[in-house]
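Here is the structure we will look at, set down as structure tokens.
The values are calculated or read from the model by the stated rules, or taken from the named source; none is laboratory data. All values derive from a computational prediction rather than experimental measurement. Don't worry about glycine lacking a Cβ; one is built from the backbone with ideal geometry, like all the others, and counts go over all protein chains shown. Just the protein is used for accessible areas: all its heavy atoms, side chains included, with ligands, DNA and RNA removed. Shrake-Rupley method; radii C 1.70, N 1.55, O 1.52, S 1.80 Å.
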Amino acid sequence: MNHRKLALPLLILPLTAAGQTNPTFQLSGQTYQLTIPYIESASGSKQAYSAKLTTSNVSSFTLDPGSVQAVAVQSGVENVSTYSVGTSGLTLTLPFVEHAGSTVTQSYAGQLVSSNGSQFTLQQASVGPAWSTASGGSCRPVTYDATTQSVFSGALKVELEDISQREGMQHVRFSNVSSNTLFFSVSVSSDDGRVGLMAPQAGTFFLSPGESLVGYVLYYGTGVAGAASYRMKFDFTTLDQATGKSTTTTDSFQRTVSFVRASETAVTVTDASTQLNYSRVAQATAQVGFWRYKVDDAETRIVLFPGQENWTNASAATSSKVLAYDLDGKLLWEYSPGNETWGGDATADGKYVAFTTASVVATKSSVLSVLDATTGKLLRSTDINVKTLAAPANPVPPTLAETDSREVRFNADGSLLAVGTGEGRGYVFNTADLSLKYAFQTEGQLRAIEFKGDYLYLGAGDGLLYKLKTADGSLVWKGYTTAWPYSEPAFSPDGRWVVVGAKSGGFTVLNTDTGSCVFSANYGTVRRAYFTPDGSQLIAATGATSAGTIAYQTAGWNVAWRGPMSAAASTTSDSHYTMMADGKAWIMDNNTGQRVATLDPGFSSNANYFKTAYLSKDGSRAVVARRDLTPGDVAIAFFKRQ
């Protein structure tokens, strides 16, 4: 390697200590200084340096030769800066650069090229937003506008994100600036009725003195591109800290928000010249649609858990059934829980099935039930009732007399069950007798739970992912994920990363050791997000027509391919094929990015939003089921590859 050409000579210098690796970009007097504390060779024998460059126009950069220092090579650096030598000269690739402005730190990615190793030119096409890997950092740096609202005689400070240049999805920061604990509820409305508070989902805040919590407001747009604005109203009511009931203390304010709405064009998908041949081998009708599913490791059965969001007749919920089929469409058993069961799971060994019934009224609690997965027989059950269950440490006062639960999860060996509630409370039970092991507390509804090793991960309505120790429920860290989760936490095969898709705000990849943000992308809603079995791609099923289902390469986080928009997806065990479904089902080749199969379930023309899309490990079987339906509709379809 020609180090003289690189202008990064191997000097006989003491190595600088390992530490901060992210480059920074700051204004110093009349010039900007780009400080690179760590940059390593992109290929060949690993060598690393630190360096500084200056610019007066953010276009042409000059290397300070005296700043070049050899540093110790580090392993496991995320978003590492690299240098490489090609026929045209030297390229510096900077995936993450912190820019400290006057009021906020933002992050960018970019490349600098040089023909002489001294003068560098910024490649404008390479510049884009980047995501922080620093502990506690935000993947999407939030800039709040200059106007601050005071609520409750100045006890509460409210700040709104500046969204003037993008879609109407807005962070709101609530800060307790008083010396007393604040317990209050918030509702958000607009003139056209298109605004909703997405986080915390329950709309209640419990803030200690000096504590802040970031919420999330979503504007449900008309789909018309261009400039948009709406007048938004925030209504606040204090809550009694003993009972959770409303008091007579209220406050409110109004703000007009303006932003630019992007146009949406459906993703164009390329079909492969040779298509895989799947035939539909079975269908089944249902009285209620299906919210989620679970398949055991041996693929002996798929268990479908009933639940809908939109009803033609809400009373049909009492006709809900938990169904178990083999992958060829043979009904193995059915169980009538008496209501929807949004929360459902099955053990990996195929021994148990568990679910919680949704509570439709404030005076009736959810019920946790455990079934024999082979026969569908009820083994045991218990009420999820805040009056009878032990309270967690430092509990947030419940705002309902009973508890509504829509999330349940087994640990790896099936010995424990974790249950999440709409109040932010969670419980861990022993599966054998449903005795309570411990309780824990978050803010906002618990809608995504997953065990991993010795830890329990919880996605909550406060826009945070919690990592707890499974043994005792003690907190390890909290990481920011923008809004309440739409998909359960999913892990990279090496356990290094965890990804969560949010109801509003896209998806976020976090470092499992620190809770810091590795990568994030905002598509409004990500209904399912997970890593392929080989870890090479991250699949994100988005709710955006123009985004579709996206596969990211985990090495560099570039888009590998896009498929049709969907609400569910699954991938074969060899990571070759991914199936997604919404109206129909499609199979994409992960290697080529081409569509290789289209599967027609034969549902009615208005069928969409499938939350069940399962492609067997070897790709020979496929199952899709719809969520919302009219009682008696065809709801499940089974396919076999020919």
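Identify all residues within the range 458-471 that are part of a loop (DSSP other than H, G, I, E, B), of a type outside the set (Val, Ile, Thr) and open to solvent by 10 Å² or more (accessible area, probe 1.4 Å); write none if there are none. Break it down into steps so the answer makes sense when it comes.
Let us first name the residues in the range 458-471 that are part of a loop (DSSP other than H, G, I, E, B), namely 461-463, 470-471.
Imposing the further condition that a residue be of a type outside the set (Val, Ile, Thr) reduces the set to 461-463, 471.
Selection gives Ala471 alone.
Which of the residues belonging to the range 559-571 are among the hydrophobic types (A, V, I, L, M, F, W, C), in a strand (DSSP E or B) and touching a residue at least 24 places away in the same chain (Cβ under 8 Å)?
From the range 559-571, those among the hydrophobic types (A, V, I, L, M, F, W, C) are 559-561, 565, 567-569; that's our starting set.
After this cut, where a residue has to be in a strand (DSSP E or B) as well, the list is 559-561, 568-569.
Those that are among the hydrophobic types (A, V, I, L, M, F, W, C), in a strand (DSSP E or B) and touching a residue at least 24 places away in the same chain (Cβ under 8 Å): Ala560, Trp561, Ala568, Ala569.
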For this session: Scan the range 395-441 for residues that are assigned to a loop (DSSP other than H, G, I, E, B), of a type in the set (Gly, Ala, Ser) and open to solvent by 20 Å² or more (accessible area, probe 1.4 Å) and jot them down.
Result: Ala401, Ala412, Ser415, Gly422, Ala432, Ser435
Exercise. Hey, among the residues in the range 510-526 that are in contact (Cβ under 8 Å) with a residue 40 or more places away in the chain and among the aliphatic types (A, V, I, L, M), which one's nearest to Ser566 (Cα to Cα)?
Worked result: Val526
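State yes or no: is Glu40 surrounded by 14 or more Cβ atoms within 10 Å (Cβ to Cβ), modelled with pLDDT of 75 or more and of a type in the set (Asp, Glu)? Write out each step before concluding.
Values: surrounded by 14 or more Cβ atoms within 10 Å (Cβ to Cβ): yes; modelled with pLDDT of 75 or more: yes; of a type in the set (Asp, Glu): yes.
When the stated conditions are applied, Glu40 passes them.
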For this session: Spot the failing condition for Thr256; the list is (1) within 30 Å of Gly479 (Cβ to Cβ); (2) part of a strand (DSSP E or B); (3) open to solvent by 70 Å² or more (accessible area, probe 1.4 Å), and only one is missed.
Result: (1)
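Here are Val172, Val195, Val188: which of them is open to solvent by less than 30 Å² (accessible area, probe 1.4 Å), at pLDDT 80 or above and in contact with a Gly (Cβ under 6 Å, 6 or more places away or on another chain)? Please lay out each step first, then the result.
Working: Val195 fails: in contact with a Gly (Cβ under 6 Å, 6 or more places away or on another chain); Val188 fails: in contact with a Gly (Cβ under 6 Å, 6 or more places away or on another chain).
Result: Val172 is the single residue among Val172, Val195, Val188 that is open to solvent by less than 30 Å² (accessible area, probe 1.4 Å), at pLDDT 80 or above and in contact with a Gly (Cβ under 6 Å, 6 or more places away or on another chain).
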Problem set entry | One residue from Tyr614, Tyr552 being on the phi < 0 side of the Ramachandran plot and modelled with pLDDT under 95 | Tyr552
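Would you mind finding the one in Gly593, Gly556 that is assigned to a loop (DSSP other than H, G, I, E, B), small (Gly, Ala, Ser) and under 28 Å from Val97 (Cβ atoms)? Reasoning before the result, please.
Details: Gly593 fails: under 28 Å from Val97 (Cβ atoms).
Sole residue among the options that is assigned to a loop (DSSP other than H, G, I, E, B), small (Gly, Ala, Ser) and under 28 Å from Val97 (Cβ atoms): Gly556.
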Exercise. Regarding Gly86, is this residue surrounded by fewer than 20 Cβ atoms within 10 Å (Cβ to Cβ) and farther than 14 Å from Leu112 by Cβ?
Worked result: no
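Considering the range 555-572 alone, what residues qualify as being within 30 Å of Leu94 (Cβ to Cβ) and surrounded by fewer than 23 Cβ atoms within 10 Å (Cβ to Cβ)?
Ala555, Gly556, Trp557, Asn558, Val559, Ala560, Arg562
Across the range 285-340, what is the total count of residues that are of a type in the set (Gly, Ala, Ser) and closer than 17 Å to Lys377 by Cβ? Quick ask: steps written out before the conclusion?
Let us first name the residues in the range 285-340 that are of a type in the set (Gly, Ala, Ser), namely 286, 289, 298, 307, 314-317, 319-320, 324, 329, 336, 338.
With the extra rule that they be closer than 17 Å to Lys377 by Cβ, the set shrinks to 324, 336, 338.
Of the residues in that region, 3 qualify.
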